[in-house]
Amino acid sequence: QVQLVESGGGLVQPGGSLRLSCAASGSIFRIYAMGWYRQAPGKPRELVARIPSGGITNYADSVKGRFTISRDDAKNTVYLQMNSLKPEDTAIYYCNADLRTTVTGDLVIYWGQGTQVSVSS
């Protein structure tokens, strides 16, 4: 019914930048909040940034001032611009979206499959 597909991950040196994208497609009626989470090996998944529909964005303290989340509602896409990357940012990054489908109308949280971000010299 609904798919979220991330792109833009990769290997970058410390201090470098990457831009992640996540496009939602399928039987979408309306998307509310969208967000980015990450999971490093041996650690639980954690919130990186979240952007509601027309609301205030919020960020994890560890990425404030370095990462910027944005969205293009016309494209059902959320972005994460990551600057000044550090080795501790290495993780699998997942996007998610709170949305209603055209099929059931229920509010459901969908997740992407994840994209690897590795920061290393």
HN-Hα couplings for segment 68-77 via Karplus (6.51, -1.76, 1.60; θ = phi - 60°), in whole Hz with x for Gly/Pro, come out as 9, 9, 8, 9, 10, 5, 5, 10, 6, 10
Take the Cβ-Cβ distance between residue 5 and residue 121 as r, set R0 to 35 Å, and report the resulting FRET efficiency rounded to the nearest 0.05.
0.75
What are the residues whose amide H is under 5 Å from the amide H of residue 85, where those residues sit 5 or more places off or on another chain and H is modelled from the backbone?
15, 16
Report ³J(HN,Hα) in whole Hz for each residue of segment 20-27, in order, from the Karplus equation J = 6.51 cos²θ - 1.76 cosθ + 1.60 where θ = phi - 60°; Gly and Pro get x.
9, 10, 9, 9, 9, 9, x, 7
Accessible area, probe 1.4 Å, largest first, for residues 75, 86:
75, 86
Would you kindly derive the ³J(HN,Hα) couplings of segment 112-121 from the backbone phi angles with the Karplus curve 6.51 cos²θ - 1.76 cosθ + 1.60 (θ = phi - 60°), listing them in order in whole Hz, with x for Gly and Pro?
x, 7, x, 9, 7, 10, 10, 10, 7, 8
Taking the Cα atoms of the chain, what is the range of coordinates along each of the three principal axes, in descending order and whole Å?
47, 26, 24
Would you mind working out the accessible area per residue for segment 1-112, using a 1.4 Å probe, and quoting it in Å²?
52
Under a straight-distance cross-link criterion of Cα-Cα below 25 Å, which lysines are reachable from residue 64, leaving out those fewer than 8 residues away in the same chain?
43, 86
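The values are calculated or read from the model by the stated rules, or taken from the named source; none is laboratory data. Note that this is a predicted model, so its numbers are computed, not measured. Backbone-built Cβ (ideal geometry, glycine too); neighbour counts: all protein chains shown. For the accessible areas, the whole protein counts, side chains as well, though only heavy atoms, and no ligand, DNA or RNA atoms are used. Shrake-Rupley method; radii C 1.70, N 1.55, O 1.52, S 1.80 Å.
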